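All of the numbers you see were taken from the coordinates with simple rules; none came from a lab. It should be emphasised that the depicted structure is a prediction, and the values quoted were computed from it without experimental measurement. Ideal geometry is used to build each Cβ from the backbone, glycine not excepted, and the neighbour counts take in all protein chains shown.
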């Protein structure tokens with residue numbers, strides 16, 4: 001079997017290009033994959049030259065510009081069509097690699113992926129998956145791309161989420177929950193009530209409605225993009241608040257001593273809930289594997305995303321053979 | 001000015017009737033209000049007899065039955081119309097008190113309040129407010145009563161929330177935010193886009209859309225009941241998860257010593273985010289003040305709710321003079 005190839009948008013992200021390049025080099029070796037870097041050739045060459053570790057097989061596709069956070073997402077198809085992001089997506093379409101990882105603006109990456117790549121056969125909408133750490137990591141989809149969806153589209157999200165959870169998140173028989181305002185079958189708006197029926201008959205391991213305080217109890221949580229985004233951001237906000245309060249508890253002289261006593265556990269918790277550990281966000285429903293790594297990803301986070309992209313290639317093969 | 005009178009459903013709640021009666025007695029003295037207890041007369045008399053502290057002016061309305069968590073909310077109007085909950089709401093309607101506090105099942109209390117009491121003049125829907133502690137306490141409404149609302153109804157929620165935040169939560173010029181999946185004006189579904197326009201022109205201190213990670217930044221957060229419930233439960237879930245993790249950090253011998261060093265701060269944080277400290281949930285849009293105290297309220301939490309009910313009487317006078 002030929003080596004898998006991961007295309008890397010080297011120039012997008014708060015810590016780009018160094019974090020992306022170092023992360024991809026390390027992830028390339030660890031996962032035994034080829035890397036195709038897209039970005040300014042001389043910059044990439046210099047950073048690879050500086051890098052101290054082992055280097056995987058790689059090539060570089062030159063891109064003249066970079067899409068910044070100031071650029072509107074739509075510019076990726078117009079004045080920024082020579083950006084590393086746009087060229088990386090085109091390279092994926094042209095078969096120069098099997099999957100793509102980018103830390104670019106979510107909207108721009110989603111726009112480019114949707115317009116340049118096709119959707120999976122039979123899939124009506126592509127969804128933005130978010131892997132969120134609570135009691136355990138779970139996949140929330142849609143986490144913000146589709147505000148207006150039908151029950152049939154949510155069922156498709158669930159089918160794709162099931163495959164992703166099995167192959168990439170390594171869950172056996174993943175549990176699927178429907179985000180809702182109560183656990184009973186008739187809860188929610190007509191959208192949830194209809195979706196419940198479809199999920200119940202789907203053959204998936206559907207465990208019913210899950211309320212906001214039970215999110216970490218299942219592997220895949222299905223929601224429309226509006227509600228999913230509210231849940232995602234709310235989790236982020238409360239987690240940030242809690243970490244801030246914890247920092248406050250360990251401040252001052254007594255706090256500093258207390259911290260030393262429990263440091264190992266605190267660091268373990270921080271690692272558990274650190275977004276980087278969860279990898280990036282998969283776009284589900286696109287015909288080729290695209291992983292959106294965090295904008296603020298460091299090289300470690302980017303390395304994790306490379307491994308995720310490799311597994312997503314296998315997941316997508318299964319999705320392509322699935323009946324939607 | 002005559003003394004205000006608070007009607008207390010003495011029999012509903014996990015710790016009823018003792019927590020409700022002790023809390024009401026203490027709250028009655030502290031807030032200088034009369035108490036009307038509704039419940040089993042002999043039981044209430046015995047508990048008051050046992051009580052060691054000062055006792056406010058009070059009377060008792062006998063109720064033969066209690067609505068339990070096993071009873072469907074609708075039974076409050078039928079076979080359980082002789083319950084302490086049903087009779088307490090009727091007593092409020094008949095002017096035997098100025099406000100009502102109950103730890104009963106939210107659905108049953110909301111049903112009884114909606115059917116027995118009228119809505120505020122001009123108000124189309126009553127909302128369930130939740131007072132939630134994060135960076136600061138904020139009022140979320142609707143937190144679950146109305147899944148299907150119009151922009152005009154959300155504007156009414158905002159107007160009522162503004163008064164409640166001023167009078168009961170003591171906020172000067174309360175900030176109002178619209179829960180949404182982005183900060184820009186055109187974000188959200190048609191419901192949010194239309195509501196944004198109305199709020200912008202309302203004369204309220206509208207600060208725009210707030211995302212899930214910015215909830216603790218404003219005084220009043222407006223949402224439809226479906227989304228509000230998702231946000232509320234998600235906050236509860238992540239807060240519970242965080243507290244569990246913190247407990248884990250302070251477990252074991254080293255943890256126990258560390259805990260002693262920072263105990264004061266931990267207790268302060270626990271107090272800050274303890275639901276009881278936020279008081280109960282106001283029903284907004286009902287023509288008389290009804291506060292839903294927590295089902296698991298202890299006497300302290302119930303006492304807080306009594307003070308809240310007293311202030312809600314003043315807030316409701318202002319709402320009655322408002323133009324909806």
For residue A:41, place a label point 7 Å out from Cα along the Cα→Cβ vector, do the same in each other copy, and report the separations in nm, one decimal, smallest first.
9.7
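Of the peptides B:220-227, A:210-217, how do they stack up when ordered by the mean number of other Cβ atoms within 10 Å, highest first?
Values: B:220-227: 27.4, A:210-217: 21.1.
The packing order, highest mean first, is B:220-227, A:210-217.
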Using per-residue counts of other Cβ atoms within 10 Å, averaged over each peptide, order B:308-320, B:228-240 from highest down.
B:228-240, B:308-320
Measuring from a point 7 Å out along Cα→Cβ, what nm distances, shortest first, does residue B:3 have to its partners in the other copies?
8.6
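By DSSP, what percent of the beta bridges with both residues in chain A are antiparallel, rounded to the nearest 5? Don't skip to the end; give the middle numbers.
Details: 9 of 35 bridges.
Antiparallel bridges make up about 25 percent of those DSSP assigns within chain A.
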Per-residue mean of C-beta atoms belonging to partner chains within 10 Å, peptide B:71-81
0
Hull surface over four for the Cα convex hull of the protein assembly as shown, reported in nm², is 31.9 nm²
With 10 angstrom as the radius, rank A:163, B:101 by how many other C-beta atoms surround their C-beta, starting from the fewest.
A:163, B:101
Pull out a ≥ b ≥ c, the square roots of the eigenvalues of the alpha-carbon gyration tensor of the range A:88-246, then state rounded if a/c is under 1.5, prolate if not and a/b is larger than b/c, and oblate in the remaining case.
oblate
Distances in nm, one decimal, shortest first, from residue B:54 to the same residue in every other copy, taking the label point 7 angstrom along Cα→Cβ.
7.8
Calculate the mean, over all residues of peptide B:242-250, of how many other protein chain Cβ atoms lie within 10 angstrom of the residue's Cβ.
6
Fewest Cβ neighbours within 10 Å first, please rank A:37, A:49 accordingly.
A:49, A:37
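Could you work out the relative contact order of the range A:132-274? I mean the mean sequence separation of Cα pairs under 8 Å and 6+ apart, divided by the number of residues, in percent.
Working: 198 pairs, mean separation 48.9, N = 143.
Relative contact order, the range A:132-274: 34 percent.
I'd like the mean, over residues of B:269-279, of how many other protein chain beta carbons sit within 10 Å of each residue's own Cβ.
On the way: counts 5, 0, 0, 1, 4, 0, 0, 0, 0, 0, 0.
Counting Cβ atoms of other protein chains within 10 Å of each residue's Cβ and averaging gives 1.
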Packing-based exposure ordering (other Cβ within 10 Å, fewest first) of B:69, A:160
B:69, A:160
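Report, for the protein assembly as shown, the % of DSSP beta bridges that are antiparallel, rounded to 5.
The antiparallel proportion sits near 25 percent.
So what is the calculated 222 nm ellipticity per residue for chain B, using -39500 (n - 2.57) for each DSSP H run with n of 4 or more, over all residues, to the nearest 500 deg cm²/dmol?
Numbers: 9 runs with 143 residues, N = 324.
Per the formula, -14500 deg cm²/dmol.
Starting from the Cα gyration tensor of chain B, take the square roots of the eigenvalues, sort them a ≥ b ≥ c, and report rounded, prolate or oblate (rounded when a/c is under 1.5, otherwise prolate if a/b is larger than b/c, else oblate). Before the final figure, lay out the partial values.
Values: a/c = 1.79, a/b = 1.14, b/c = 1.57.
Judged from the Cα gyration tensor, chain B comes out oblate (a/c at least 1.5, b/c at or above a/b).
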Using alpha carbons only, how many angstrom separate the centre of the range A:268-324 from the centre of the range B:167-184?
36 Å
What is the distance in Å between the Cα centres of the range A:110-165 and the range A:35-93?
26 Å
